Structure formats: C-alpha cells, structure tokens
Amino acid sequence: MSVPKKLLNDPNACAAELLDGLILAYDGQCEKVGKASIVKKSIPDGKVALLVGGGSGHEPIYHGLVGTNLADGAACGDIFAAPSPDIVLDATKAVHRGNGVLFLYGNYAGDVMNFDMGAELAEDEDIEVRTVLIWDDVASAPPTKKEDRRGIAGLVPIVKIAGAASQVVESLDELERVAIKVRDNTRSVGCALAPGSIPATGKPTFDLADDMVGLGMGIHGERGVGEIPMCSADELTGKMLELIFADDLEFASGDEVILFVNSLGATTHMELLICNRKAREILAEKGIIVHQTIVGPLVGCQEMAGISFSLTKLDDELKKYWDMPCQSACYSKMEGRQS
Amino acid sequence: MSVPKKLLNDPNACAAELLDGLILAYDGQCEKVGKASIVKKSIPDGKVALLVGGGSGHEPIYHGLVGTNLADGAACGDIFAAPSPDIVLDATKAVHRGNGVLFLYGNYAGDVMNFDMGAELAEDEDIEVRTVLIWDDVASAPPTKKEDRRGIAGLVPIVKIAGAASQVVESLDELERVAIKVRDNTRSVGCALAPGSIPATGKPTFDLADDMVGLGMGIHGERGVGEIPMCSADELTGKMLELIFADDLEFASGDEVILFVNSLGATTHMELLICNRKAREILAEKGIIVHQTIVGPLVGCQEMAGISFSLTKLDDELKKYWDMPCQSACYSKMEGRQS
Amino acid sequence: MAKQQLSVDETVAMLDAVADAIIAAEPELSEADRNLGDGDHGLGMKRGMEAVKAKLSEGGFESVDKVFMAMGMAMMSSMGGASGAVFGTLFRNGGKALKGSETFDAAGLAEFLKGGTEGVMTRGGAKPGDKTMVDALEPAQKAAELAVSLPLSEALDTTAQAAEAGRDASKDLIATMGRAKTLGEASIGHPDAGACSVAIIFRTMATFAAGN
Amino acid sequence: MAKQQLSVDETVAMLDAVADAIIAAEPELSEADRNLGDGDHGLGMKRGMEAVKAKLSEGGFESVDKVFMAMGMAMMSSMGGASGAVFGTLFRNGGKALKGSETFDAAGLAEFLKGGTEGVMTRGGAKPGDKTMVDALEPAQKAAELAVSLPLSEALDTTAQAAEAGRDASKDLIATMGRAKTLGEASIGHPDAGACSVAIIFRTMATFAAGN
Ligand SMILES: Nc1ncnc2c1ncn2[C@@H]1O[C@H](COP(=O)(O)OP(=O)(O)O)[C@@H](O)[C@H]1O
Ligand SMILES: Nc1ncnc2c1ncn2[C@@H]1O[C@H](COP(=O)(O)OP(=O)(O)O)[C@@H](O)[C@H]1O
Ligand SMILES: [Mg+2]
Ligand SMILES: [Mg+2]
Ligand SMILES: [Mg+2]
Ligand SMILES: [Mg+2]
C-alpha cells in the first residue's frame, strides 16, 4: 500500500497550519484565540454561547461550523485527537458573554475527558458550562445504550439548529433543551469503502478487503455492525437506511426531516447524488417529507472513501431554527427552505 | 493499478442517475426538463435567462449552480461529454422568458460545437441567444490566445456574479457585458497529484508518476505547462500563483479579489486550508485584499487529487453582484461579505 | 460478392456493421483518447452506435440519404461531446448531400464525403494538420473524389486506405484543436482518437461492400 | 548501580529516559492503536513526550511531586486525545500524591500509582477489564503496593512486570471503553495501545533504577 500523495508542509504540523488557513478563509469574521481555538469576532453581550470542537483531520467540521447563526467558537485538537483542556478553556473564555456556554460535540472518550476538564477549569473561573453530547451513530451501540454511541455526521444539522437557537434563546437552559431535542431527533449511519490515512505517517487507519464494505463505521474507521460484500449504490443505501429505521426513533408518514448525505472524503459528489436518488425513493415510499437536503463532503476522515446518511426529524420549533439563514466556512444557506 | 471502488449502480447510467439525485436534492426548487436538463421552477416573466452546462462527472458543478441568484438552468451531458444540441435546446426553451438567454460555459471544443448547434436550433424558434465562453485557465494557452484557453474552476465566481446580475439587468446585452467583464477579470491555474477515473471503465484519465505533480492541468487531466517533482504545499502554492501573476491581468496592491481554492476530488479540505494559508501570505505581500474566500471541492474530476486557485478581480459593480445572497446545491451564501 | 452499389436495405446493413465494429473497438478508441484527451472517445462512440443500431432497426427508410441522416441524428443526440457533434455532422451533412438517392454507389460516396467533410470543418473549425478526425476524413474525401468511376467496393477500399494513412500520419502531428491542443509537442507519437474511428468506419464499409 | 531511591535530579533523568523510550516506540504504539482505534496513539504520546523533555530540561524543580506534575501538565496540554487526558491525569494526580517529597522511593512509587490510578479511573470511568491502559495500570498499582519495602529498583521491576502482564492479558479482553468499544468480539487478539505505553513507562523506570 503506497502512501497517499498529499499537499503538506510539515506532516506533524498539519493541524496548526490548517487552522491558520481556516481563520484566513473566514476573511476577518473569526480569529484565533490561544493555542488552537477559533472564535467569532462579534458575539453580542449576554448571548448564550455555543462551543463546538474536536480533533482535526475531519475538515471542514467542526471548526468550519463557526459563523453566523452557527457556533460561536470551536476548540480544535490535533489530527484525530481531542483538544486539550487548556484549548477548551481558552475557547470557553473567548465565547463567554456572561450567560453561560453550551458545549456541543461528539461522544468520544478523548473528547469527553478533555472537554470535561476544560469545563472544570472554566467553572473555576465562574463560567457556567453545560454539555450536550452528540451520539447519532445508530450502528455503534443499541438504542438502550445511547451514551455509548459515537457522534458522526449528524453533527451538521444538530449544530446548524442549535446555532440558530443560540441567537434566539435567553438562557443556557433553553439552549440545552433545544440541543438535546435536535440531538435526540437525529440518527446517522456510515460506511467505508476504503480507509483514510494519518497525515503524519501516511498509514491507512484500517484495513479493508477490496471486495468488502464496512457497514456502520465511525468517522475514523471504527468498525460498526460489520463488513458486507461490496454491492451497488442502491443496495447499500437500502441497507444503511434500514439500520436507521430499525432504531428507536420513529420516522412516520408525514414526518418532515433534514436529509444529509455526506462523503467521508474520496467518495465523489456524483456517488452521493446517485445514493440520494435511492434514499429519496425509500423515504417517499414511507411518506417521509424532506424539508431540505444537504449533500456534500462535510464530515470527513481524510481521503477515506465512504458515505453516511443522517436524518433529523423536525417539529415546528426545530424547523423554525432550521429555516434561519446561516453562513460559515462549512455550511451556508439563505433564509427559508431553499436549496 | 486497481479500479477505484465506487458506489454505482449501472456504470453506464451514472450521468442520468446523478441528475435524478440532484433534482431531488433541490427539494422542489428545480425540475428536470427533457432528457437531461435541470431548470428552476420559478423564473419570472421577462427575466434575462442564464444557462450553464457541460459534461457530467465534475459534480457539484455545473448542474449544482442552478438556484437563487445563480443560473436559471443547466444542460447536462454524459460523463465528461458536452450535452447534445437537443439537450441544450430543451434547456434553452425552458429558461426563456421572452428576453433572451445567455449561454455561459467552459471553452471546450465539444461544448462549443454542441451549444452552438443548440443555439442555432433555438434561434430557429425565435429565441435570442448570446454566448460567453469561460476561459480562465492561464496554463492552457498564452494570453494572446485567450480563445484557446479552457474553462476550469473560475466558473464558480463567474457564474455566481453573472447569476446575481441576471436578476437585476434589463437586457441580454447588459448580462453579456457583465459576464464578459467577470470572465475577463478571472484567472485560474490547476495541478494534479493523481488522476481521476472514468466511472464506466474505472481507467485513470492519465498517468502520472508517484513523485511528480502535473502543473497547469485541466479538469479532465489535460496537461498544462508540464510536470514538476512533487514538492511541499507552500512551494506548489507559490508556483501556481506565480503562473497567475505572470499573466496579462494585473493584480495590484489594493485590488479586491475573490479567492477560490478548489479541490479536484480526493485532495482533502485539510490540504486546501494548508494551501490557503500560503496563498494568503503571498496575496498579503502583494497588498491584494481578499473580499471573500471560497474553499472546497466544487469543480471536480472524479477522485482526481489536485487543487486549483482562482482569482476574480472585483470592481464596484462586480462586488455588488458578489455580495448578493445565493443558494444552490453547490454554493450558497448570505447577503454581504460574510464567510 | 463485391458490390457495385448498395440498395437502401444494404446501406442499412452496412451501417449496422459499422456500428458493430465501433462498439467492438470501444477499448482501443478510449485508450487512444486517454493518451491525448479524457479517455472517453470509445465510450461516446459506443453510446452513439447503440442508438444508431436501435434507429436502423426501426426501418422504413425511403432513400439512402435518410439512412445516413438518421444515423447522424442518432449519434448527435445520444453522444454529446466533441465526437457527437463532429461525427453526427459527418453523417447528417453527408447524408443531406445524397438527397433522394435510392442507391449508394462510388459517386454517392464522394458526395457523402464532400458534404460531410465540409460540414465537419465548418462546425468545428479544424483544418487538416490540426490533429483531429479531419486528418483521416479529408484524405478519405480526396480519395473518394478520385474513385467516382470505380465499383463501390473498390472506391471504399481506396477511401479506407486513405483514412488509415491519415490516421497513421496523425501520430506525427502537434494538436491544435480539441482537448489535446494544450499538450503541444507532447501530443506527438499518438494517433488522434477520432481519426481512429474514421478509419474503422470506412474500413468496415469497404469490407461490407467487398462481400467478405 | 541499582537505586534505593532517586533524588529530584535523578527523577528528572528517569522521566527523560521514559520520554525517550516512548518516542522510540512511536511506530509500534501507533500500530497497536491501528488495530483497535485510529492509529495515532504513538503520535500523540510522542508529541507529549517531546513537550515533556522540553519541560524537564527547564529544570528548577523543588521536589519530586513537581517533576511528575510538570510531566503530567506537559502531556495534558500538548497531546489532547484520550491519552492526553488519561496519561496527563496519571502523572498529575500521581505527582500530587507525592506532595513535597524530596526523593522518589518504593513507598513513593506506590503512592504515585495509587493517586494516579484513582485519578485515571475517576476521569475516564474505565474499570479493569474494559481493555484500556487501566488493565496495565491497575496491576502495576497492586504490585507497587506489595513492594513498598523493597529497594526502588526491585519495586519498579515487579511493577513493570505486572504492567507487562496486564498489557499481555489485555489481548484477550473485549473492549468496552474508548474507540475500540464498538468492535465487540473483534477487539480480541490485540493488546490495548495505552496498556503498551504503560508497560514501556514502568519498564524504562525499572531499567533506569537498576542502573543499566
Ligand atoms: N474541432 C474539432 N473538429 C473536428 N474534430 C474534433 C474537433 N475537436 C475534437 N475533435 C475530435 O473529437 C475527438 C474526441 O472525441 P471525444 O473523446 O468523444 O470527445 P471529448 O473531447 O468531448 O471527450 C478527437 O479525437 C478529435 O478527432
Ligand atoms: N476512558 C478511558 N480510560 C482510560 N484509558 C482510556 C480511556 N479511553 C481510552 N483510553 C486509552 O487511550 C488509548 C488511546 O489513546 P490515543 O490513541 O492517543 O487517543 P484517541 O483515542 O483519542 O485517538 C487507548 O488505547 C486506551 O488505553
Ligand atoms: Mg486519535
Ligand atoms: Mg469527453
Ligand atoms: Mg474524449
Ligand atoms: Mg488513537
């Protein structure tokens, strides 16, 4: 297996360099704070702050979700490594406007430990912190053990909606309530066709036979429900959505959803659209109404080939927040339901 | 060389299936017309229409650029093949609202011949058509032979601005004038680290040694100024921008630009950001002001690894059109300069 | 049995054989395009020829011009790409030049190629020497012009020979048209993909007319 | 010469040797994590240990607890990830338990491991058997507790042996914590990456104290 050809300078400095590049891509809307945090420049006093974050190497998330009606800041770790507690603390202090900070991030041991330590440090400085963990991956644990599930691409609609809510709500309690609601209304499942690699070593993050697909894989290549023989786009789409529909959250006829078809990296936009075609057929059969579709490579694992599907069930409140416009380096939309 | 693993159904039906998937991703805003055209549902009477298009396989462009304040429709060809004249005609008739249609697409022999035939057919039906060819790739011909240059990623800012203008102008003449201006103010250059492949055969579109980079390559892998030894992100960024600055369009201190850092496919968002870091350093040294940055994989060539840089020089008129919000399956933004 | 001329039905059969030959050559045509273009020439031609076969099998053609024109329309609308335009134009404009003919003979071949070649050159702007299919087409047209009084089978054989020589000569040209034009000197050494198709088209016609 | 106890400077030298050993083991630690996690454990530990070496070289430590705590802080803030948290906590909380000690001996080792192991288990919630570094750490802690009256070099040797045995035994466990937990039965057959680091840490300490 040859090492993938990448445009890098120092392979050990990727996380720092990409963060610099990201801040510049924000064209003055965001700034770097401390060692590795990115924070919006204009956060109104008294605003309930929303902080996201996690390891780097999954670009454009999480750090690309800081922006207008999205997150106020992100704490950024090294490649595939949770941010350290001091990075979390720096980010927390920088976004805090006197009304508390909600931490919203993926449920990984490393992230939980580091963000928790960051929260403890922040509380020492009299900043109120609340945490909502994202655990949308249905393949990673049974529905009875949600706290064991990891967070994958569902973070995009979750952060989008929580970010809009954070502009409107008046208390940390309220924001926490909305974030929990949209988290609990979101389910995802992913698959892998080929591994990504670690920039510093060029080594693939896992091995997978040429004729197999990893079903239910995490965004680092963590295994899920197992490997199945390589199959057609339609077949795989069917199998993946079945995993979501077999879960505890009911998607009934007439329900409105956000559908997110994500590429993990090397899977082309063409393939996402081919899978979307089948996904929509399946959703239509069930009478599920897609309020808006997101298609694109937003939650990645380097050049890993694979896709994920995420469904977020909307109610009137969540739809109102969805329909607000937003703008970031990662996901932008105009007012309303346009696409 | 093993065939890349892709999520397909019938490898010969990719273009048709992805178009279906794209229409569905528009959630009711667009519809399919004729064999392979995508058209906005609500185009006001009397609007000067903007039609884009080209071969498929480069997703999300061109067909993803149909939308609010963007193109009114796209004529979509098979994979890497220009749309046939009847597809162009169908699309032209569907977007026409009595005030003429501007064709805006990349300068490739196949596209020019087919769109020209489509235009002749449309003129037979009394539809006035004007054509502006996109030829932003500085590496493909000297500045004295612009008509020989091909169109690459610069199409994104060009279509964005022409699309906004098409909402405002009152005549086809006016739209043509703005489209020519933004085309003439846009320069791009691309490179390839590894080839993409043709979905129907799995064959790579070109061969490139592991330790070489193709500099100045087109979006199908057409060669440009030549191959250079693989080098660091910073070095390559410098070499690429030099090609743009050596061209005939002056970028002077104080000039405002749109900077677009594009991935051709497999190149990760991380790498784009690392390259953006260096690009901004170089632009800052020259005193060039970036009004807004676009970073992402918008103009692709299947899973080809490589990047391109595009610079569009703004004046007050182009900036006004840039600042308008837009929404499509490919590129969206809120009002103003936000990012 | 070598043919002096073809009836409408025989013309249909000949063009059906042409379609089969191009479909069979898909891999080598795509490979030729991989060297200089984007590697899809064979795929486009195959797509076109499948549409052509379907169209030809519908039958009901009154005269040979209608057969050629139907073939050109089928190619143009199913293929897209540069070759959909140029090969579609070749058959459409070539067919137009045969207006009303009930047989296809050496004189008809020369008319077909005159109309077709003019059409292609007007549509795409390529001249001989630009390293396109014109470099096989134009010698074929010249050869057919000199062969008007030969039996069709012989006229087609000299036409095919000229097309093949043109294809081979295209190896040494520097491309100035189509995708390959940005390659400059690097385009030397490979024949043009479209020229390969032209050679196959006329060689298949010649073989058909020779009755082999 | 085998050591009964270490001065502050010797403790610094020992931990510097630990850092070198972990840095040298980067490839095998990353590979261990590739089997069960995301393949970066060695890289994270190496990043941490480079920060540790820089911190230790600054000197000016008044007591051994400060050395261990500085090491923990350096790891925690430079590494991030699960291992930044757990190994940072191990050294920080372990160091805290040695408050004011001017030497590091077998009793200190036991205190260090008690404080550190408790800290790690509280922070991460992992228990023995979950297939994490705790499966090497907890046996090490038990061994050190029984070795309080031995010379440091011998206490470290039995501690390292216990850590190594724990690492080896982790092969047969089903992961229920960290990234590997979603693997279920498939996690059997590979040792935990963090447990490999724990074994290296105590083996290097033992070798240092043995004076070899
Ligand atoms: N302007 C032109 N005039 C005549 N033939 C052309 C022209 N441009 C391209 N061609 C022919 O088209 C062939 C390429 O066809 P194909 O690969 O199917 O189309 P595309 O370039 O759109 O991928 C070339 O080999 C050449 O013979
Ligand atoms: N909850 C936990 N408690 C103790 N150790 C843990 C826990 N979670 C993970 N670990 C340890 O961390 C190691 C992985 O570290 P590393 O690869 O550096 O971090 P990451 O999982 O963030 O990539 C595992 O091998 C395991 O020993
Ligand atoms: Mg990691
Ligand atoms: Mg093509
Ligand atoms: Mg081609
Ligand atoms: Mg790891």
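Counting only residues that are hydroxyl-bearing (Ser, Thr, Tyr), at the interface with chain A (Cβ under 8 Å from one of its Cβ atoms) and either in a helix (DSSP H, G or I) or surrounded by 23 or more Cβ atoms within 10 Å (Cβ to Cβ) (or both), how many does segment B:317-334 have?
The qualifying residues number 1.
Which members of segment A:258-278 meet the condition of being touching a residue at least 12 places away in the same chain (Cβ under 8 Å) and assigned to a loop (DSSP other than H, G, I, E, B)?
Scanning segment A:258-278 gives A:LEU264, A:GLY265, A:ALA266, A:THR267.
Scan segment C:71-117 residue by residue and report those that are within 16 Å of ligand 4 (Cβ to nearest atom), hydrophobic (A, V, I, L, M, F, W, C) and either more than 12 Å from chain B (Cβ to nearest Cβ) or under 14 Å from the mean Cα position of the chain (by Cα) (or both).
C:MET75, C:MET76, C:ALA82, C:ALA85, C:VAL86, C:PHE87
Quick grid of which residues meet (1) in contact (Cβ under 8 Å) with a residue 60 or more places away in the chain; (2) under 15 Å from the mean Cα position of the chain (by Cα):
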| residue | (1), (2) |
| --- | --- |
| B:LEU121 | no, no |
| B:LYS145 | no, no |
| B:ALA162 | yes, yes |
| B:SER171 | yes, no |
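Give me a count of the residues in segment C:30-62 that are within 10 Å of chain B (Cβ to nearest Cβ), touching a residue at least 40 places away in the same chain (Cβ under 8 Å), closer than 13 Å to C:GLY84 by Cβ and of a type in the set (A, V, I, L, M, F, W, C).
Summing the residues that are within 10 Å of chain B (Cβ to nearest Cβ), touching a residue at least 40 places away in the same chain (Cβ under 8 Å), closer than 13 Å to C:GLY84 by Cβ and of a type in the set (A, V, I, L, M, F, W, C) in segment C:30-62 gives 0.
Mind telling me which of the residues A:PHE115, A:PHE80 ends up being within 14 Å of chain B (Cβ to nearest Cβ) and more than 16 Å from ligand 5 (Cβ to nearest atom)?
Among A:PHE115, A:PHE80, only A:PHE80 is within 14 Å of chain B (Cβ to nearest Cβ) and more than 16 Å from ligand 5 (Cβ to nearest atom).
Please go through segment A:64-77 and give me each residue that is away from ligand 6 (no atom under 16 Å from the Cβ) and either at pLDDT below 95 or within 14 Å of chain D (Cβ to nearest Cβ) (or both), ordered by number.
Here is the first cut: in segment A:64-77, the ones away from ligand 6 (no atom under 16 Å from the Cβ) are A:64-76.
Of everything in segment A:64-77, those that are away from ligand 6 (no atom under 16 Å from the Cβ) and either at pLDDT below 95 or within 14 Å of chain D (Cβ to nearest Cβ) (or both) turn out to be A:ALA74, A:ALA75, A:CYS76.
Any idea which of B:LEU7, B:LEU50, B:LEU104 is buried (at least 24 other Cβ atoms within 10 Å of the Cβ) and not assigned by TED's automatic domain parsing to the domain that holds B:ILE134?
That would be B:LEU7, the only listed residue that is buried (at least 24 other Cβ atoms within 10 Å of the Cβ) and not assigned by TED's automatic domain parsing to the domain that holds B:ILE134.
Kindly indicate whether D:GLY37 is within 27 Å of D:MET177 (Cβ to Cβ), within 16 Å of the chain's Cα centre (by Cα) and buried (at least 20 other Cβ atoms within 10 Å of the Cβ). Before the answer, list the steps.
Numbers: within 27 Å of D:MET177 (Cβ to Cβ): yes; within 16 Å of the chain's Cα centre (by Cα): no; buried (at least 20 other Cβ atoms within 10 Å of the Cβ): yes.
When the stated conditions are applied, D:GLY37 does not pass them.
Hey, can you tell me all the residues within segment B:16-39 that are more than 7 Å from chain A (Cβ to nearest Cβ) and buried (at least 22 other Cβ atoms within 10 Å of the Cβ)?
Filtering segment B:16-39 for residues more than 7 Å from chain A (Cβ to nearest Cβ) gives B:16, B:19, B:23, B:28, B:30-39.
B:LEU19, B:ILE23, B:CYS30, B:ALA36, B:SER37, B:ILE38, B:VAL39, listed by residue number.
Quick check: is even one residue across segment C:158-179 at positive phi and in contact (Cβ under 8 Å) with a residue 40 or more places away in the chain?
Yes; the residues of segment C:158-179 include at least one that is at positive phi and in contact (Cβ under 8 Å) with a residue 40 or more places away in the chain.
If I ask for residues that are away from chain C (no Cβ under 14 Å), surrounded by fewer than 24 Cβ atoms within 10 Å (Cβ to Cβ) and in a loop (DSSP other than H, G, I, E, B), which ones from segment B:181-233 would you list?
B:ASN185, B:ALA209, B:ASP210, B:ASP211, B:MET230, B:CYS231, B:SER232 - these are the residues of segment B:181-233 that are away from chain C (no Cβ under 14 Å), surrounded by fewer than 24 Cβ atoms within 10 Å (Cβ to Cβ) and in a loop (DSSP other than H, G, I, E, B).
Please verify whether segment B:57-76 includes one or more residues that are touching a helix residue (DSSP H, G or I) at 6+ places or on another chain (Cβ under 6 Å), in contact (Cβ under 8 Å) with a residue 24 or more places away in the chain, β-branched (Val, Ile, Thr) and not assigned by TED's automatic domain parsing to the domain that holds B:GLY202.
Checked against the condition, which is being touching a helix residue (DSSP H, G or I) at 6+ places or on another chain (Cβ under 6 Å), in contact (Cβ under 8 Å) with a residue 24 or more places away in the chain, β-branched (Val, Ile, Thr) and not assigned by TED's automatic domain parsing to the domain that holds B:GLY202, segment B:57-76 yields no hits at all.
For D:GLY60, are the conditions met, namely being surrounded by fewer than 23 Cβ atoms within 10 Å (Cβ to Cβ) and among the small types (Gly, Ala, Ser)?
Working: surrounded by fewer than 23 Cβ atoms within 10 Å (Cβ to Cβ): yes; among the small types (Gly, Ala, Ser): yes.
In short, yes.
Name every residue in segment C:146-185 that is among the hydrophobic types (A, V, I, L, M, F, W, C), more than 16 Å from ligand 5 (Cβ to nearest atom) and buried (at least 17 other Cβ atoms within 10 Å of the Cβ), in order of residue number.
C:ALA147, C:LEU150, C:LEU152, C:ALA155, C:LEU156, C:ALA160, C:ALA162, C:ALA163, C:ALA169, C:LEU173
Mind checking whether some residue in segment A:101-110 is more than 14 Å from chain B (Cβ to nearest Cβ), in a helix (DSSP H, G or I) and in contact with a strand residue (DSSP E or B) (Cβ under 9 Å, 6 or more places away or on another chain)?
Yes; the residues of segment A:101-110 include at least one that is more than 14 Å from chain B (Cβ to nearest Cβ), in a helix (DSSP H, G or I) and in contact with a strand residue (DSSP E or B) (Cβ under 9 Å, 6 or more places away or on another chain).
The values are calculated or read from the model by the stated rules, or taken from the named source; none is laboratory data. In this text the structure is predicted, and so the values were computed from the model without any measurement. In this analysis, Cβ positions are derived from the backbone assuming ideal geometry, glycine residues included, and neighbour counts consider all displayed protein chains.
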